Amino acid sequence: MSMTKLFSPGPVMVKENVRRSLLHYDICHRSHEFEEMFQDTQAKIVKLFNADHSYYSVIVSGSGTSANETVLSSAFKPGEEVLLIRNGVFGERLLEIIHKYNVPLVDLPFPWATYPDLAVIERAMAEHPKVKVVAMVFHETSTGMINPVGEVGSLCRKYGKALFVDCVSAAGGQDIDVVKNNISVCTSVGGKCVGAFPGSAYVCARQSVLESLTADQCKNVYLSLYKHYQSAVTTHQTPNTPNVNLFWPLNVALTNILEDETLAGRISRYQKCAVIIRRGVCSMGCRFLLEDHMANTVTSVFLPKGVDAPAFLGEMEKRGYTFYIGKGEYGKQGMIQIANMGEIYEQDCYNMLEVFQVVLNKIQAK
Ligand SMILES: Cc1ncc(COP(=O)(O)O)c(C=O)c1O
């Protein structure tokens, strides 16, 4: 049993059946047994995004960035442009990948923690006919903001663009409907709201998009969406040796959501936990970064004036609680991030808040 409670946005606390599945007997990734489990996992990923059978998923051995890089290094033919909507660290991470692969870019930066302006986005779509794909982050984890994916999806429909959404910290934690939201391609991982281990990433895309890929347009050897798709459809395998042992926990974690707790049940638990955490820290004098559009699973708060964030996190860590320090300038301003992803229940939140209060009192008494 773990002595640490991870209130961090990945890695997360995993359920005991997920942990135990790591001990599955060894199998070969070229075996029939693997192929069955692979297809079963693919089908569950598609369900996680409420997709219909015009969608298909592939699994990438790596962290969330590997799935994003798979898409962004593969999706463009020469001359096609991407329009990037960004308002935080993970939007900037997409930018870094886009630059690395020299994809022609229309950049739409909004200040961190600022809700993207739809009129500005629409104007950019109207003015840039060469834009093939609009890219954005569903849940900008660095602030905890949920971006307007449904609205951007409607604009993409109007202007004939494909929509790529980084759902790394959203899948299993937010209501995502790729069909309704007109999402062509999205990515996520096992090791966040889904409640598996880090290292299992995946891409869910319209099969028509995957069918249109060519080997040449993919610029990365390992992270080729073309190769992942071709291997999956023709052999039900991955192109290279995957992290076989992590497929079982991913599969079990998806089953836990889809067949046991249900997706709606998981989201509701996360919402209840977030409410408890938010009421609790607010009553202790913390101030939220966001007033609106807060995710179900991440709370960004400034500690009361005079409380040193690293010292506070250190004291919490000693007592078995892990949070994140705020990214960039936020960290220097005393902001921390409290996540409630994975195996965190209401009572865990109350227990955590008691310790939170004890540590605050101790630091404020100095
Ligand atoms: C929205 C989002 N995108 C991408 C990433 C990068 O994922 P990883 O660190 O697993 O590569 C993260 C990580 O927290 C994230 O929250």
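So the values come out like this:
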{"read-out": "Computed [θ] at 222 nm, helices only, for the chain once each DSSP H run of length n ≥ 4 contributes -39500 (n - 2.57)", "value": "-12500 deg cm²/dmol"}
{"read-out": "Charge dipole magnitude, Cβ of K and R +1, D and E -1 - the range 7-74, Cα centre, debye nearest 20", "value": "240"}
{"read-out": "Alpha-carbon centroid distance for the pair the range 329-352 / the range 205-219, whole angstrom", "value": "39"}
{"read-out": "Surface accessible to a 1.4 Å probe, residue 52 within the full protein complex, Å²", "value": "70"}
{"read-out": "Separation of alpha-carbon centers, the range 3-30 and the range 120-145, rounded to whole Å", "value": "34"}
{"read-out": "Between helix 309-318 and the chain: long-axis angle, C-alpha atoms, 0 to 90°, nearest 10", "value": "90"}
{"read-out": "Charge dipole (debye, nearest 20) of the range 16-260; +1 at Cβ of Lys and Arg, -1 at Cβ of Asp and Glu", "value": "360"}
{"read-out": "Degrees, to the nearest 10: 89-100 long Cα axis against longest axis of the chain", "value": "30"}
{"read-out": "Under 15 Å, Cβ to Cβ, from residue 33 - net charge with Lys/Arg +1 and Asp/Glu -1", "value": "-3"}
{"read-out": "Net +/- balance of residues flanking residue 166 in space, Cβ distance below 15 Å, scoring K and R +1, D and E -1", "value": "-1"}
{"read-out": "Exposure of residue 278 as accessible area (Å², to 10), given a probe of 1.4 Å and all protein chains", "value": "40"}
{"read-out": "Antiparallel content of DSSP bridges confined to the chain, in %, to 5", "value": "55"}
{"read-out": "Charge dipole (the range 16-260, unit charges on Cβ, about Cα centre) - positive-most of 17, 235, 154", "value": "154"}
{"read-out": "Pairs beyond 23 Å (Cα-Cα), from 180/327; 272/332; 180/272; 100/132; 100/332", "value": "180/327; 272/332; 180/272; 100/332"}
{"read-out": "Filtered GluC sites (Glu not before Pro), the range 235-294: DSSP coil and at most 11 other beta carbons within 10 Å", "value": "291"}
{"read-out": "Spin-label proximity, residue 241 to the range 28-66 - amide N less than 16 Å from point 7 Å beyond Cα toward beta carbon", "value": "28-31, 61-62"}
{"read-out": "Unsatisfied cross-links (Cα-Cα over 20 Å) in the set 47/227; 318/362; 318/366", "value": "47/227"}
{"read-out": "Qualifying chymotrypsin sites (Phe, Trp or Tyr not before Pro) in the range 1-94, DSSP loop, other Cβ atoms within 10 Å at most 14", "value": "25"}
{"read-out": "Prolate/oblate/rounded label for the chain (Cα gyration tensor, a/c 1.5)", "value": "oblate"}
{"read-out": "Restricting the range 159-218 to trypsin sites (Lys or Arg not before Pro) in coil, as DSSP defines it, with at most 15 other Cβ within 10 Å", "value": "180"}
{"read-out": "The range 69-161: antiparallel DSSP beta bridges as a percent of all, rounded to 5", "value": "20"}
{"read-out": "Rounded if a/c under 1.5, otherwise prolate or oblate - the range 68-162, Cα gyration tensor axes", "value": "oblate"}
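The values are calculated or read from the model by the stated rules, or taken from the named source; none is laboratory data. Being a predicted model, the structure only gives us computed values, none of them experimental. Counting neighbours? That spans all protein chains shown, and the Cβs are built from the backbone with ideal geometry, glycine included. To get the accessible areas, we keep the full protein, side chains included, count just its heavy atoms, and leave off ligands, DNA and RNA. Shrake-Rupley method; radii C 1.70, N 1.55, O 1.52, S 1.80 Å.
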